[in-house]
Amino acid sequence: MRFLGNIEARIDAKGRVFLPAAFRKVLQSEGEELLVLRKDVHEDCLVLYPQSVWAEQMDFMRSKLNRWNRQQQNIFRQFVSEVENISLDGSGRILLSKRFMEVAGIDQAVRFIGVGDTIEIWAAGSNSEQFMSQDDFSKALEGLMNEGTNG
């Protein structure tokens with residue numbers, strides 16, 4: 001499952017927004033109907049996980065964290081408890097709760113960004129400072145891609 005693209009959309013007065021058609025097609029082709037929404041751990045954006053991807057993420061975290069270690073159990077508990085189950089309505093919209101809109105600084109417009117197996121939801125116009133400059137990006141990518149290569 002791969003979500004690609006950077007698409008803006010408007011939110012209606014009830015907090016509903018159309019999930020971009022390209023992303024809906026990916027979900028439909030994979031038979032995904034349920035989604036999980038959570039605030040990103042690092043950035044002021046929301047992350048939309050298809051249910052199967054969320055389940056894999058939870059399984060991976062559980063395998064890394066010891067449930068008998070208080071701090072690790074608290075990390076897991078906090079990660080999995082700060083979510084909302086989301087489903088598309090008959091028109092292809094999702095409902096963003098006021099709580100999630102506030103924590104992500106979302107008002108009337110959003111930017112959906114496909115990030116592989118998840119979809120990020122940003123306040124429209126707010127994410128430009130979250131990205132590297134083109135020059136910094138080029139240098140960082142070059143460094144990462146050359147790590148451990150011969151030649």
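Of note:
- Candidate cross-link partners of Lys14 among the aspartates and glutamates, defined by an alpha-carbon separation under 20 Å and a same-chain spacing of 8 or more, comprise Glu84, Asp89, Glu102, Asp107.
- Assuming charge only on the beta carbon of Lys and Arg (+1) and of Asp and Glu (-1), the dipole of segment 1-109 about its Cα centre is about 280 debye to the nearest 20.
- Over the Cα atoms of the chain, the radius of gyration divided by the Kirkwood radius equals 1.01; this is the Rg/Rh ratio.
- Taking θ as phi - 60° and the Karplus parameters 6.51, -1.76 and 1.60, the scalar couplings of segment 113-125 work out to 10, x, 10, x, 8, 10, 10, 8, 10, 10, 5, 4, x Hz in sequence order, x denoting glycine and proline.
- Candidate cross-link partners of Lys139 among the lysines, defined by an alpha-carbon separation under 30 Å and a same-chain spacing of 8 or more, comprise Lys39.
- Cα-based Rg and Dmax for segment 23-103, where Dmax is the largest Cα-Cα distance (Å): 14.2, 45
- A Förster distance of 35 Å, applied to the separation of the beta-carbon atoms of Ser91 and Phe137, puts the FRET efficiency at 0.45.
- Counted charge near Asn74, where neighbours are those whose Cβ lies closer than 13 Å (Asp, Glu -1; Lys, Arg +1): +2
- Computed about the Cα centre, the dipole magnitude for segment 64-105 is approximately 280 debye when only Lys and Arg (+1) and Asp and Glu (-1) carry charge, each at its Cβ.
- When peptides 5-14, 52-61 are ranked by their average number of other Cβ atoms within 10 Å per residue, the highest-first order is 52-61, 5-14.
- Whole-Hz ³J(HN,Hα) from phi, Karplus 6.51 cos²θ - 1.76 cosθ + 1.60, for segment 61-67, glycine and proline x: 4, 4, 5, 8, 10, 8, 5
- Taking label positions 7 Å along the Cα-Cβ direction at both Met58 and Ser81, the computed distance is 1.5 nm, reported to one decimal.
- Share of carbon and sulfur in the accessible heavy-atom surface of segment 9-151 [1.4 Å probe, %]: 49 percent
The values are calculated or read from the model by the stated rules, or taken from the named source; none is laboratory data. Keep in mind that what you see is a predicted model, and the values were worked out from it rather than measured. Methodologically, a virtual Cβ is constructed for each residue, glycine included, from the backbone with ideal geometry; neighbour enumeration extends over all protein chains shown. Heads up: the accessible areas ignore ligands, DNA and RNA and are worked out on the full protein's heavy atoms, side chains in. Shrake-Rupley method; radii C 1.70, N 1.55, O 1.52, S 1.80 Å.
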